[in-house]
Amino acid sequence: MKNVRIKAMLLIIGSLIVLQLSLFIIKQIFLIFIERTKYTDYIASMIGMIILSILFILFANKQKVALSVFPERFNKFYILGTCVAAVLFVASPSNYSGGLQAIMLLFYGSIVTPIFEELIFRGYIWNELNAIFEKEWITYIVSAVLFALWHLGYVDSIAFRTETGLASVMLWKAVVGLGYGIVLGALRLKTRNSYSTMLLHGVMNIFGR
């Protein structure tokens, strides 16, 4: 059983590395055709996440891998949560003070990124960890730690956008990622789906990006 867990963890970690490398390659291809600025770097990341999200969903469907996106019953809780998230997104001050660029950055941070990361972590990885650990609280802890480490994979973009103190910025990025993993994992435990975590992740990014 121990060997099975080790192999499964190595496969999960390998998958995360492949996803980060794929995101990096897609970004570099995009940036061949356009000058790299802080804004275009965000847009390149967004395009990469959209492409990888689509490919990830297609792969999961083909391999019959459960992503646990939607709840078994779409009750008032989810309808209310969706409405609140939508209102907060529309009412965000950046929509009206920063022009198109601000809107695109909000779309990237509060919609594209949450969908991309939640499909991976509170969808695929959560279910894969549940298959190898008997206790779901272990899945909760491991997924939160992996989510913290995942954010270190954004070092390329962070290095480009940060002028000084890259090490401290990366450390803070991992700490914030761990905090997100703890909060979003707790919601995943409660609701047993990643749709709810996508909503919360998006709302958190509206206020904390």
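The values are calculated or read from the model by the stated rules, or taken from the named source; none is laboratory data. Everything quoted here is computed from the prediction, not taken from an experiment. Every residue, glycine as well, gets a Cβ built from its backbone with ideal geometry; the counts of neighbours run over all protein chains shown.
Looking at region 159-167, is at least one residue closer than 30 Å to Lys76 by Cα and surrounded by 13 or more Cβ atoms within 10 Å (Cβ to Cβ)?
No, region 159-167 contains no residue that is closer than 30 Å to Lys76 by Cα and surrounded by 13 or more Cβ atoms within 10 Å (Cβ to Cβ).
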Within region 88-111, is even one residue closer than 20 Å to Ile17 by Cα and of a type in the set (Gly, Ala, Ser)?
no
Given the residues Tyr124, Tyr140, Tyr78, which is the only one that is part of a helix (DSSP H, G or I), in contact (Cβ under 8 Å) with a residue 12 or more places away in the chain and within 18 Å of Ser53 (Cα to Cα)?
Tyr124
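Results for (1) touching a helix residue (DSSP H, G or I) at 6+ places or on another chain (Cβ under 8 Å); (2) more than 23 Å from Val155 (Cα to Cα), shown as yes or no for each residue.
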position: Gly48; (1), (2): yes, no
position: Val65; (1), (2): yes, yes
position: Thr82; (1), (2): yes, yes
position: Tyr96; (1), (2): no, yes
Restricted to region 39-53, and to residues that are in contact (Cβ under 8 Å) with a residue 40 or more places away in the chain and hydrophobic (A, V, I, L, M, F, W, C), which residue is surrounded by the most Cβ atoms within 10 Å (Cβ to Cβ)?
Met49
Select, from Leu88, Leu106, the only residue that is surrounded by fewer than 17 Cβ atoms within 10 Å (Cβ to Cβ) and touching a helix residue (DSSP H, G or I) at 6+ places or on another chain (Cβ under 7 Å).
Leu88
Exclusive hit being at pLDDT 95 or above and either crowded, with 21+ Cβ neighbours inside 10 Å or in contact with a strand residue (DSSP E or B) (Cβ under 7 Å, 6 or more places away or on another chain) (or both), set Glu118, Glu136:
Glu118
Looking at this structure, is Arg36 surrounded by fewer than 16 Cβ atoms within 10 Å (Cβ to Cβ) and in a loop (DSSP other than H, G, I, E, B)?
yes
Restricting to region 115-144, name every residue that is in contact with a Ser or Thr (Cβ under 8 Å, 6 or more places away or on another chain) and not aromatic (Phe, Trp, Tyr).
Ile115, Glu118, Leu119, Arg122, Gly123, Ile125, Asn127, Leu129, Asn130
If you check Phe70, Phe56, which single one turns out to be within 17 Å of Asn127 (Cα to Cα), touching a helix residue (DSSP H, G or I) at 6+ places or on another chain (Cβ under 7 Å) and not in a helix (DSSP H, G or I)?
Phe70
Starting from region 98-115, keep only residues that are in contact (Cβ under 8 Å) with a residue 24 or more places away in the chain, then list their pairs with residues that are surrounded by fewer than 16 Cβ atoms within 10 Å (Cβ to Cβ) and of a type in the set (Lys, Arg) whose Cβ atoms are within a distance under 7 Å, requiring at least 6 positions of separation or different chains.
Gly109/Arg209
Would you point out the residue of region 1-10, among those that are surrounded by fewer than 12 Cβ atoms within 10 Å (Cβ to Cβ) and either in contact with a Ser or Thr (Cβ under 6 Å, 6 or more places away or on another chain) or part of a helix (DSSP H, G or I) (or both), that is modelled with the lowest pLDDT?
Lys2
In region 139-149, which residues are closer than 30 Å to Asn95 by Cα and either at pLDDT below 95 or crowded, with 20+ Cβ neighbours inside 10 Å (or both)?
Phe147
Filtering helices (runs of 4 or more DSSP H) wholly in region 152-209 for at least 3 residues that are free of Cβ contacts under 8 Å to residues at least 12 places away in the same chain gives 166-191
